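Asks: One structure coming up, written as structure tokens, with questions to follow.
FYI, it's all coordinate maths here, none of it is from the lab. Only a predicted model underlies this, so the values are computations on that prediction, with no experimental measurement involved.
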Amino acid sequence: MSQHTISLTTVEELLKNIAQLIRESFNYLHVGIGLVEQDVVVSKAEIGAFEETYRGIRIPIGHGIWEGCVEWTIFAIQQGGGY
């Protein structure tokens with residue numbers, strides 16, 4: 001994995017590769033990775049059954065599936081901890 005990851009040139013390629021590896025490793029139907037940009041979570045990598053549905057979606061923090069999850073993660077990072 002590390003050799004392949006090093007050869008990737010963009011953040012988008014890296015995130016897509018990570019999502020694919022997670023999906024294959026755990027046999028998930030779908031894996032998505034979103035990054036926080038100001039006050040929204042922006043889908044950056046979607047692999048699986050809902051790729052077309054969630055590709056590029058922008059979800060305001062505190063709404064939808066991200067409610068609570070993103071806020072908790074941000075809080076944990078600000079406190080110097082991980083999640």
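Asks: Could you run the Karplus curve 6.51 cos²θ - 1.76 cosθ + 1.60 with θ = phi - 60° over segment 16-32 and give me ³J(HN,Hα) per residue in whole Hz, x for Gly and Pro?
Replies: 3J(HN,Hα) across segment 16-32, in whole Hz: 5, 5, 4, 4, 5, 5, 5, 4, 5, 5, 10, 6, 7, 5, 8, 9, x.
Asks: If you don't mind, there's one more thing I want to ask. Using modelled backbone amide H atoms (1.01 Å from N, in-plane), which distant-in-sequence or interchain residues come within less than 5 Å of I61's amide H?
Replies: The list, which skips near neighbours in sequence, is V40, V41.
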